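A short write-up of the structure that comes next.
What follows is calculated from the coordinates using simple rules that are stated; it is not laboratory data. Since the structure is predicted, the reported quantities are computational estimates derived from the model, not experimental observations. Reconstructed Cβ throughout: ideal geometry from the backbone, glycine too, with neighbour counts over all protein chains shown.
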Amino acid sequence: MQFPYKRCKGGLRLRADKESALRKLKTVRGQIDGIIKMVEDDRYCIDISNQLMASIAILKNVNKEVLDAHLRNCVSEAFESQDESDKAQKIDEIISVIDKLM
């Protein structure tokens, strides 16, 4: 489901710590490059799996930070406003994300 995003105060943008998120995502990018090389080199399955799990853990952490910032900022702002459609949209967005996490 796609949402016609309304802007939060200050615009539609990432509210999480951008530098931290970028640093972690670049770390994962490096890990993925390493995992690709491990697969190409026929490395031991458990070693590959461990690297995959490490990458997934970082991605989960970044996602948590992004969602936390969204709830504390964009969702909070929507519920402080009088715009009922904005409130409903934020609820729908969060339900959609929770559905993907389950």
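In table form, for the structure just shown:
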| read-out | value |
| --- | --- |
| Neighbourhood charge, 14 Å Cβ-Cβ cut-off, centred on LYS60 and excluding it, Lys, Arg +1 and Asp, Glu -1 | +1 |
| Between helix 45-70 and the chain: long-axis angle, C-alpha atoms, 0 to 90°, nearest 10 | 10 degrees |
| Spatially close lysines, pair count over the chain: Cα under 16 Å, gap of eight or more or interchain | 13 |
| Charge sum, other residues only, whose C-beta stays under 14 Å from GLU40's C-beta, Lys/Arg counted +1 and Asp/Glu -1 | -2 |
| Cα centre as origin, Lys/Arg/Asp/Glu Cβ charges: the chain dipole, Debye | 320 debye |
| Helix 18-40 axis, angle to the chain major axis (alpha carbon atoms, nearest 10°) | 30 degrees |
| Spacing of the two label points (7 Å from each Cα toward its C-beta) at LEU52 and LYS37, in nm | 2.0 nm |
| Choice from ASP86, ASP41, ASP33 showing the highest fluctuation, given a GNM over the chain with Cα pairs closer than 10 Å | ASP41 |
| Principal axis dimensions, largest first and in whole angstrom, of the chain by Cα | 58, 28, 18 |
